[in-house]
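Participant: First the structure, then my questions, so here it is.
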Amino acid sequence: GNLINLEVLTMNDNALTGSVENFGVGNLVELEILWLQNNNHTGFVPTELGNLINVKELGLDDNDFSGFLPTEMANMISMER
């Protein structure tokens with residue numbers, strides 16, 4: 001289905017694996033809350049997160065990401081925490 005109007009996505013504490021890019025979260029431009037913490041995500045934090053300008057809460061901690069946070073995340077102008 002098409003979830004472009006989704007505002008809250010909480011997938012924390014689910015033992016999810018693999019790259020976040022595979023979930024296509026960069027297309028969910030109406031998201032305000034994105035929680036992916038306490039999983040087993042690997043790879044880089046995707047640059048597509050910069051598309052999520054409405055996100056106020058972002059949880060990425062307790063995963064196995066590598067590298068640096070992408071500069072595109074500076075586009076997340078609504079971020080509160």
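The values are calculated or read from the model by the stated rules, or taken from the named source; none is laboratory data. Model, not experiment: these values are computed from the prediction. Please note: Cβ atoms are built from the backbone with ideal geometry, for glycine as well, and neighbour counts cover all protein chains shown. With ligands, DNA and RNA removed, areas are computed over all heavy atoms of the protein, side chains included. Shrake-Rupley method; radii C 1.70, N 1.55, O 1.52, S 1.80 Å.
Participant: Any residue at all in the range 55-63 that is in contact (Cβ under 8 Å) with a residue 40 or more places away in the chain, open to solvent by less than 40 Å² (accessible area, probe 1.4 Å) and part of a strand (DSSP E or B)?
Facilitator: Yes, some residue in the range 55-63 is in contact (Cβ under 8 Å) with a residue 40 or more places away in the chain, open to solvent by less than 40 Å² (accessible area, probe 1.4 Å) and part of a strand (DSSP E or B).
Participant: To continue, here is another question. Within the range 11-39, restricting attention to residues that are open to solvent by less than 70 Å² (accessible area, probe 1.4 Å) and assigned to a strand (DSSP E or B), which residue is farthest from residue 57 (Cα to Cα)?
Facilitator: 18
Participant: Take the residues in the range 40-54 that are closer than 17 Å to residue 5 by Cα and aliphatic (A, V, I, L, M), then tell me which one is surrounded by the fewest Cβ atoms within 10 Å (Cβ to Cβ).
Facilitator: Among those that are closer than 17 Å to residue 5 by Cα and aliphatic (A, V, I, L, M), it is 53.
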